[in-house]
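Step one of this worksheet: look at the structure below.
The values are calculated or read from the model by the stated rules, or taken from the named source; none is laboratory data. Bear in mind that the values here come from a model prediction, so they are computed numbers and not experimental data. Methodologically, a virtual Cβ is constructed for each residue, glycine included, from the backbone with ideal geometry; neighbour enumeration extends over all protein chains shown.
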Amino acid sequence: MRETLAESLKPTRQRVLLTIILFIGVFVAYMDRGNVSVLVADPAFLNDIGIAGNPVKIGLIMTSYLVAFGLSSIIIPPFVSFLGPRKVMVLGIFVWAISLVVGATAFTFTSILVSRVLLGIGEGVSYPQSAVYIKNWIPPQERGRANTGWVVGQSISLAVTTPVIALFIALSGWRESYWALVVLAFVPMYLFWAHTSDKPRDHKKVNRQELEYIEAGLSVEVTSGNEPRLGYKERFFVFAKEPRYWLIVMWFMLMNFNSFGIQTWLPSYLKVIRGFSWGQMGFLASLPFVFLMFFKIGTGWITDKVSRNSVVRVLSVFSLLAAACIYGAVITQNNYVSAVLIALSYALCGMGNAVIFVLVQDIVPAKVVGSAVGFLTGSSLLFASLSPVIMGYAIKLGSYGAGLFVLAGASMMAAVITFILTLPRFQKCPENLGFGSV
């Protein structure tokens, strides 16, 4: 009886379960997103849909996804936010499951584009809901680790995707890889529907102690539960008046431009330009995501230990290092060194993903965080959608190096923007928490 009473007085850990479910959702989403990077290195896939020898169309496969993701992230979340993150998340997963069915049955370039557009819409709707969940469930002092907990799923997923999809292609074919992903999509759909709620107060398994702990942490933020529902324009202007938000958006645009250029073309670059075999390519193409996983974990831990301003300074330095790595990868004659340098550049670009959501959650009121994150991810991916097709044109003209140098330039510009964020004028924050005070 005493043990039972003692256990009842301990806070439950449902917020930890939530971050695990978010991790699983992102893991599956990024497998769906990343499979095309492996498929475009498969001659059978390219021949079946009629784009063999056409790098521009290959680039458009990823670009179409990014455009759809970007537009849906900006436009749709404000109109479905009244449903709550749980229902919106499940709806988005259902749409991306349909997209995978379309991909599995595709025979033309157009049908693959339709599949990628549907995937972009489904993931664009659901992705911002992760930030809403974190804002509703996680106290500010735990958000660095919580955001890392689900964002690191991106890196692990992409690291796993390359060898797994390559194995499916080798054993069965590219269509079978699509069908496997269709089945996998139902796992996060079930978990979000059956084991999460929009807010901790609505969850049956959250006890009083955990609820009090969460709400005490959330109480430091200026929120009001009695404010009228805002329309799209009103939501936009709530976060649009914050200059730091726009600097964060520009930084995220540039780093995603770099990341998606590498993510789309790295397998082909390693196989065609650097001459690696399928087996070697599968291993080396997963290195960026392995590196990124560890970088994100470290960044999330540091974010909760030091000031936000210090973290932003680190991101500025790492953006410069990302540019240097790309330059070194192009000029080196050693194929393995080139592969490792590109992997490091990708990891240095992506390590700020967990931090960027913490920064937005710090400066944006809870009532518009979903719209703010949706606009952030949407606009950044719309800009990043140019990267795969620019790389495609560069390849068509006969040079991977020119495309990679464009990515290096984007990283250098990102370093300048993050440096601006550390200037004293951006540390003054009359509302919310502010970068310098956390």
Inset, instruction - Can you run down the residue pairs with Cβ atoms below 6 Å, 6 or more apart or on separate chains, where the first is in region 29-48 and aliphatic (A, V, I, L, M) and the partner is part of a loop (DSSP other than H, G, I, E, B)? - result: Leu46/Ala52
Inset, instruction - State which residue is surrounded by the fewest Cβ atoms within 10 Å (Cβ to Cβ) when the search covers only region 82-131 and only residues that are under 23 Å from Val368 (Cβ atoms) and over 21 Å from the mean Cα position of the chain (by Cα). - result: Phe82
Inset, instruction - Working carefully through the options Ser81, Ser99, Ser72, find the one that is more than 19 Å from Gln154 (Cβ to Cβ) and touching a Gly at 6+ places or on another chain (Cβ under 7 Å). - result: Ser81
Inset, instruction - Answer yes or no: is there a residue in region 269-280 that is in a helix (DSSP H, G or I), under 19 Å from Ser155 (Cβ atoms) and at pLDDT 85 or above. - result: yes
Inset, instruction - With a cut-off of at least 3 residues that are over 18 Å from Met412 (Cα atoms) and at pLDDT 85 or above, name the helices (runs of 4 or more DSSP H) lying wholly within region 299-377. - result: 335-350
Inset, instruction - All but one of (1) out of contact with any Lys or Arg (no Cβ under 9 Å at 6 or more places or on another chain); (2) at pLDDT below 90 hold for Pro11, so report the exception by its number. - result: (1)
Inset, instruction - Could you run through region 103-150 and say how many residues are more than 19 Å from Gly59 (Cα to Cα), assigned to a helix (DSSP H, G or I) and among the aliphatic types (A, V, I, L, M)? - result: 6
Inset, instruction - Can you run down the residue pairs with Cβ atoms below 6 Å, 6 or more apart or on separate chains, where the first is in region 174-192 and over 22 Å from Met89 (Cβ atoms) and the partner is of a type in the set (Asp, Glu) and not in a helix (DSSP H, G or I)? - result: Trp174/Asp42
